[in-house]
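Working notes, beginning with the structure itself.
Every number here is computed from the coordinates shown, using simple stated rules; none is lab data. Keep in mind that what you see is a predicted model, and the values were worked out from it rather than measured. Cβ sites come from the backbone with ideal geometry, for glycine too, and all protein chains shown count toward neighbours.
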Amino acid sequence: MDRGAREVWEVRNEPASMPHPMHLHGSAFRVLSRTGSPDQVARLALDDHGRTAGDLGRKDTVLVWPGETVRLAADFSHPFDDDQRYLFHCHILEHEDNGMMIGVRVRPRSDRLS
Ligand SMILES: [Cu+2]
């Protein structure tokens, strides 16, 4: 993607799973919604989007509970004039080491290269 991108990511956790603390290196996001939450999380919701108090504000980590879908607004608009790679991964080391990690490449905006 190009620098300046603002994306919505949807992170889903299987119902028969465990909570995964999903972390984005080097940038931040906002939690837009949390659906499919287990009862103990759903009853903490503060709004119609299922968000809890811990979801408010800029975040670099979000806990995704079993059965949940969490939508994130990721923002890569901060200035940087070269390629930059960001990692998004589960913060549980065994999960990260077994593949719960992706890299996102952000290129300089093409209109700034000339
Ligand atoms: Cu995990």
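Hey, what do the phi angles of the stretch 21-26 turn into as Karplus ³J(HN,Hα) couplings, whole Hz, using 6.51/-1.76/1.60 and θ = phi - 60°, x for Gly and Pro?
x, 8, 10, 10, 7, x
If each of T69 and H23 carries a label point 7 Å out from its Cα toward its Cβ, how far apart are those two points in nm?
2.7
Which values of log₁₀ I(q)/I(0), to two decimal places, follow from the Debye formula for the stretch 69-110 at q = 0.28 Å⁻¹ with a uniform point scatterer at every Cα?
Evaluating at q = 0.28 Å⁻¹ gives log10 I(q)/I(0) of -1.00.
Separation between the D48 and Q84 pseudo-spin-labels, each 7 Å from Cα along Cα→Cβ, expressed in nm?
3.5
Provide the FRET efficiency to the nearest 0.05 for the D39-E96 pair, computing r from the beta carbons and using R0 = 30 Å.
Numbers: r = 28 Å, r/R0 = 0.95.
In this case the efficiency is close to 0.60.
Taking square-rooted eigenvalues a ≥ b ≥ c of the alpha carbon gyration tensor, is the stretch 6-112 rounded, prolate or oblate, where a/c under 1.5 means rounded and, failing that, a/b exceeding b/c means prolate?
It is oblate, given that a/c is not under 1.5 and a/b is not larger than b/c.
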